[in-house]
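Peer 1: Take this structure first; my questions come after.
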Amino acid sequence: MKIELKDAGRRFNQEWIFRNFTYEFSDSGKYAILGPNGSGKSTLLSVVMGNLEPSEGTVVYTDTHIIPTDKWYRQVSVAAPYLDLVEEFTLQEIIDFHFKFKGFYPGMSSVRLMDLLGLVRSQDKPLKYFSSGMKQRTKLALACCTDTPLLLLDEPTSNLDKQGIEWYHDLIRDFTANKLVLVGSNQETEYSFCDNFIKITDYK
């Protein structure tokens, strides 16, 4: 798995969020996208995931061959504050719905995912009644426990308490060994496992 950005930039109206971004994300590397709030981390991740097109430059996805942009969604899992769950669904329904489109991480199943979340008693509760922390854990579990080569995490410990942050680190340890992982963050506890660091402010 490889993602190549060449002279990529994104702007909104006349303001450039980032520009002249040339970088290669490859194999099972772990990358942290760093910068203060509002600096463009989420925008860069959205361009990488294909949710936004670059205003200039190119993004090329390669596995054993170049992957067409309209097929790229099958290769990526995402957890981010701006991606909402379907709150009318119960926890069991959102799990079933999610995995209609993508497969489980090897060895994972709906029952095991529920156990991992520690929310078995809440499986029939609509998500609109979940706390913000429960919703965030659900987003992270769905993303990490999906069998895709790329995992994108934006502010992954939002709304998590100390116990939730420890749970997040266990999730990273157990489900990302062979994945390419990009984390958008300004909190070291969220990206301490990364070995590559990119300052988005270097591309203004």
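The values are calculated or read from the model by the stated rules, or taken from the named source; none is laboratory data. The model shown is predicted, which means the values in this text are computed figures rather than measured ones. Methodologically, a virtual Cβ is constructed for each residue, glycine included, from the backbone with ideal geometry; neighbour enumeration extends over all protein chains shown.
Peer 1: Among the residues that make up segment 122-142, is at least one of them at pLDDT 95 or above, at positive phi and out of contact with any Cys (no Cβ under 9 Å at 6 or more places or on another chain)?
Peer 2: no
Peer 1: If we only count strands (runs of 3 or more DSSP E) wholly inside segment 16-114, which ones have 2 or more residues that are among the β-branched types (V, I, T) and either out of contact with any helix residue (DSSP H, G or I) (no Cβ under 8 Å at 6 or more places or on another chain) or modelled with pLDDT under 95 (or both)?
Peer 2: The qualifying strands (runs of 3 or more DSSP E) are 56-62.
Peer 1: Same structure again: So which residues in segment 151-204 are assigned to a helix (DSSP H, G or I), free of Cβ contacts under 8 Å to residues at least 40 places away in the same chain and hydroxyl-bearing (S, T, Y), if there are any at all?
Peer 2: Passing the criteria: Y168, T189.
Peer 1: Additional query: Which of the residues belonging to segment 81-106 are in contact with an Asp or Glu (Cβ under 7 Å, 6 or more places away or on another chain) and either more than 21 Å from K71 (Cβ to Cβ) or small (G, A, S) (or both)?
Peer 2: Within segment 81-106, P81, T90, Q92, G103, P106 meet the criteria.
Peer 1: Taking segment 105-151, which residues are of a type in the set (F, W, Y) and under 16 Å from L85 (Cα atoms)?
Peer 2: The answer is Y129, F130.
Peer 1: Also, quick follow-up: Looking only at segment 79-96, decide whether some residue is of a type outside the set (A, V, I, L, M), surrounded by fewer than 18 Cβ atoms within 10 Å (Cβ to Cβ) and closer than 17 Å to M1 by Cβ.
Peer 2: Checking segment 79-96: not a single residue is of a type outside the set (A, V, I, L, M), surrounded by fewer than 18 Cβ atoms within 10 Å (Cβ to Cβ) and closer than 17 Å to M1 by Cβ.
Peer 1: When both residues are 6+ apart or on different chains and their Cβ atoms are under 6 Å apart, which pairs have a first residue that lies in segment 66-92 and is more than 18 Å from L160 (Cα to Cα), and a second that is among the basic types (K, R) and in a helix (DSSP H, G or I)?
Peer 2: Matching pairs, first to second residue: E87/K128.
Peer 1: Continuing with this model, one more query. Is it the case that Y61 is in contact with a Phe, Trp or Tyr (Cβ under 9 Å, 6 or more places away or on another chain), of a type in the set (F, W, Y) and within 24 Å of Y168 (Cα to Cα)?
Peer 2: Judged against the criteria, Y61 is not a match.
Peer 1: Do any residues in segment 43-62 that are among the small types (G, A, S) have Cβ atoms under 7 Å from those of residues that are modelled with pLDDT under 95, where the two are at least six apart or on different chains, and which pairs are they?
Peer 2: Once the first residue is among the small types (G, A, S) and sits in segment 43-62, its partners that are modelled with pLDDT under 95 give S46/L52; G50/T69; G50/W72; G50/Y73.
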